[in-house]
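The values are calculated or read from the model by the stated rules, or taken from the named source; none is laboratory data. Quick caveat, the model's predicted, so the values are computed rather than measured. Heads up, the Cβs are rebuilt from the backbone with ideal geometry, glycines too, and the neighbour counts pull from every protein chain shown.
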Amino acid sequence: MKTRGKTFKYGDNIDTDVIIPARHLNSIDPAELASHCMEDIDKDFVSKVRKGDVIVGGSNFGCGSSREHAPIAIKASGVACVVASSFARIFYRNAINIGLPILECPEAVAAASSGDELEIDLSAGTIRNVTKGADFKAQPYPEFMRSIMDAGGLIEYTRSRLASKGAAAKTAR
Amino acid sequence: MGMTMSQKILAAHAGLASVEAGQLIEARLDLVLGNDITAPVAIREFGRIGVEAVFDRKKIALVPDHFTPNKDIKSAEQCKMMRDFAHRMDIENYFEIGEMGIEHALIPERGLVLPGELVIGADSHTCTYGAAGAFSTGVGSTDMAAAMASGTAWFKVPAAIRVTLEGEMRGWTSGKDLILHLIGLIGVDGALYRSLEFAGPGVATLSMDERFTIANMAIEAGAKNGIFPVDEKTRAWAASVSSRPYTAVEPDADAVYERELRIDLSALTPTVAFPHLPSNTKSIGAAEKLRVDQVVIGSCTNGRIEDLRVAASILRGRRVAKGMRCIVFPATQEIYLAALREGLVEDLVKAGAVVSTPTCGPCLGGHMGILAKGERAIATTNRNFVGRMGHTESEVYLASPAVAAASALAGRLADPEEIMKAPGHGAFTKASTAAGTAAGTATAEREKA
Ligand code: SF4
């Protein structure tokens with residue numbers, strides 16, 4: 001799957017409080033969460049972001065609280081992928097579980113500036129900076145995570161697993 | 001190859017003889033936790049899995065603590081969604097506000113986590129229970145949903161950093177200062193994806209309340225979990241909260257640690273994390289004595305009875321500075337009651353503090369103490385990110401209950417040692433410790449301020 005969009009670049013340690021401030025956590029509606037995405041660090045993000053755009057962050061992206069509202073807000077805002085030098089652990093997990101594509105690639109982060117056009121091939125894990133004319137390769141996903149992503153997320157993965165367990169139990173009887 | 005304490009708990013719950021760092025495993029869970037922010041998302045996702053019941057109605061805990069007592073209609077709706085689900089699924093450990101508390105204080109208090117157990121919670125500070133010798137870690141709502149259905153979760157086995165503690169803390173220094181110091185030392189991603197395993201003779205000098213404070217902030221160093229060895233204090237605590245059997249785990253003698261740190265507890269001083277990262281720490285002696293508008297004492301980090309005792313011992317018989325807002329929020333109803341019985345609530349209220357019911361409230365800028373533009377707070381909480389307690393141009397300084405209480409009296413960032421020695425205050429020192437005089441240089445700096 002290929003996506004193409006503009007870069008929104010931020011620094012290191014982008015925490016979940018700036019991705020979606022706690023004052024908006026009294027909602028679980030993706031569209032409403034998206035309407036406040038990044039507002040404490042970049043007031044213009046919501047009005048400027050277009051489907052297919054890419055958030056580029058430094059190290060420890062998504063640190064802080066476990067709120068899944070953060071990757072949900074990013075995904076619902078139309079962002080196709082987050083590229084960072086490294087991700088905070090829970091954010092990484094949440095993104096995989098809800099099917100928000102994320103790629104770890106410090107080199108692509110170093111080369112990117114806000115506004116750059118990025119073309120990303122998620123299955124190959126490649127990032128092309130069209131504006132700068134440079135290509136990068138991200139860390140591949142471990143196989144186990146691929147199977148969660150291929151299923152469409154952890155919910156779908158769990159559903160099919162529990163269903164096949166149930167079926168197996170029935171045949172055993 | 002030897003395993004760390006965290007690795008051994010994971011292996012046992014995955015039904016494996018051994019595991020090693022980096023391995024992906026699926027493990028059986030002893031408890032799955034959620035709160036009024038994260039559980040509604042999990043409940044929605046749970047509905048999509050298509051199972052009728054949760055895996056075990058006794059092994060799920062639902063705690064409405066963030067926006068409760070409900071602060072507005074939307075949060076009331078979220079709590080209702082959780083309450084209805086708990087009712088429908090017959091969840092045993094759902095805690096209505098009259099029996100509740102901030103989840104990470106409440107879960108251990110109710111004996112819902114014991115040594116050697118494996119817990120996930122849809123809240124990043126689930127790592128708190130490492131104090132009890134359990135492996136516990138924060139996850140997201142989707143993980144919680146899948147776990148409520150299957151009773152299992154996937155884990156990447158973490159490598160570990162061993163932190164060996166030596167000596168004993170002095171004066172007003174406490175567990176909060178140790179963890180702030182450690183985060184300052186290794187940074188907010190210093191332990192990313194790793195376990196922080198505490199060890200050494202210094203552990204025995206730490207109270208259980210202090211261990212909970214320390215493990216609570218492991219996540220602020222990026223850690224997957226923080227964990228303490230199980231000793232006499234842990235066993236006595238476990239016996240006081242539960243009669244369930246448990247299997248304590250020790251690290252192998254040849255366990256592999258990726259990095260080793262040593263901390264001399266006797267060299268620590270009260271420490272403050274300046275905005276906007278918990279790693280932005282300074283020793284109180286080196287910190288500018290900035291004017292403060294609000295002091296917040298409580299949270300899952302420092303809202304336990306010992307914390308309230310320390311705060312009350314400083315505020316007792318004195319008045320908070322004119323114009324200062326001092327908010328104290330005990331972490332659970334039990335702690336609230338203990339503070340009432342011990343007369344601490346009266347001490348605090350007489351000193352000009354307000355005492356709230358248990359809630360996360362101000363800690364996450366939810367309600368009960370939001371900061372206006374340009375305002376500054378000293379808080380015993382765990383995060384000082386931009387806008388954490390209110391306006392994006394407000395500031396949060398993280399400190400211990402002793403530093404927070406002293407600052408409430410002074411109206412500025414203050415060293416408890418200095419405040420308690422000031423004329424008219426008598427020479428009071430932390431009861432349990434011999435009068436700890438800070439190093440000469442620090443004292444000189446304080447006098448200048
Ligand atoms: S007290 Fe603060 S850190 Fe602790 S669970 Fe509540 S909001 Fe989170």
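The sole residue among B:ALA147, B:ALA86, B:ALA105, B:ALA131 that is within 16 Å of the ligand (Cβ to nearest atom), touching a strand residue (DSSP E or B) at 6+ places or on another chain (Cβ under 6 Å) and at pLDDT 95 or above is B:ALA105. Comparison of B:ILE25, B:ILE49, B:ILE73 shows that the only residue that is buried (at least 16 other Cβ atoms within 10 Å of the Cβ), more than 24 Å from B:LYS224 (Cα to Cα), within 14 Å of chain A (Cβ to nearest Cβ) and away from the ligand (no atom under 16 Å from the Cβ) is B:ILE49.
Look at B:GLY365 and say whether it is more than 23 Å from B:ASP177 (Cβ to Cβ) and within 15 Å of the ligand (Cβ to nearest atom). Answer is yes for this residue. Evaluated against (1) within 16 Å of the ligand (Cβ to nearest atom); (2) over 22 Å from the mean Cα position of the chain (by Cα), B:LEU409 falls short on exactly one condition, (1). Sub-7 Å Cβ pairs linking a first residue in the stretch B:360-375 that is without any contact (Cβ under 8 Å) to a residue 12 or more places away in the chain and not assigned by TED's automatic domain parsing to the domain that holds B:MET389 to a second residue that is within 15 Å of the ligand (Cβ to nearest atom) and not in a helix (DSSP H, G or I), at least 6 apart or interchain, number zero.
Quick grid of which residues meet (1) surrounded by fewer than 23 Cβ atoms within 10 Å (Cβ to Cβ); (2) without any contact (Cβ under 8 Å) to a residue 40 or more places away in the chain:
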residue: A:GLY5; (1), (2): yes, no
residue: A:LYS9; (1), (2): yes, no
residue: A:ALA31; (1), (2): yes, no
residue: A:HIS36; (1), (2): yes, yes
residue: A:ILE41; (1), (2): yes, yes
residue: A:VAL56; (1), (2): no, no
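If you go through the stretch B:89-100 and keep only what is within 16 Å of the ligand (Cβ to nearest atom) and either touching a helix residue (DSSP H, G or I) at 6+ places or on another chain (Cβ under 6 Å) or at pLDDT below 95 (or both), you end up with B:ILE97, B:MET100. Restricting the stretch B:108-122 to residues that are of a type in the set (A, V, I, L, M) and more than 14 Å from the ligand (Cβ to nearest atom), the residue that is nearest to the other protein chains (Cβ to nearest Cβ) is B:ILE120.
Of the residues B:ILE327, B:ILE314, B:ILE284, B:ILE263, the single one that is hydrophobic (A, V, I, L, M, F, W, C) and within 16 Å of the ligand (Cβ to nearest atom) is B:ILE327.
Right, B:GLY140: more than 14 Å from the ligand (Cβ to nearest atom), surrounded by fewer than 24 Cβ atoms within 10 Å (Cβ to Cβ) and under 20 Å from the mean Cα position of the chain (by Cα) or not?
When the stated conditions are applied, B:GLY140 does not pass them.
Filtering the stretch B:217-239 to residues that are more than 14 Å from every other protein chain (Cβ to nearest Cβ), under 30 Å from B:ALA379 (Cα atoms) and small (Gly, Ala, Ser) leaves only B:ALA238.
Residues of the stretch A:15-28 that are more than 14 Å from B:GLY365 (Cβ to Cβ) and more than 10 Å from chain B (Cβ to nearest Cβ): A:ILE19 alone. Of the set (1) crowded, with 23+ Cβ neighbours inside 10 Å; (2) away from chain A (no Cβ under 13 Å), all apply to B:ALA39 but (2). From the list A:ILE72, A:ILE55, the lone residue that is within 13 Å of chain B (Cβ to nearest Cβ) and either within 16 Å of the ligand (Cβ to nearest atom) or not acidic (Asp, Glu) (or both) is A:ILE72.
Looking at the stretch B:382-399, which of its residues are in contact with a Gly (Cβ under 9 Å, 6 or more places away or on another chain) and either farther than 19 Å from B:ASN216 by Cα or away from the ligand (no atom under 16 Å from the Cβ) (or both)? Hits for the stretch B:382-399 are B:GLY387, B:GLY390, B:HIS391, B:GLU393, B:SER394, B:GLU395. Can you work out which of the residues in the stretch B:128-144 that are assigned to a loop (DSSP other than H, G, I, E, B) and among the small types (Gly, Ala, Ser) is farthest from the other protein chains (Cβ to nearest Cβ)? Filtering first and then ranking leaves B:GLY133. The single residue among B:THR380, B:THR433 that is of a type in the set (Val, Ile, Thr) and at pLDDT below 95 turns out to be B:THR433.
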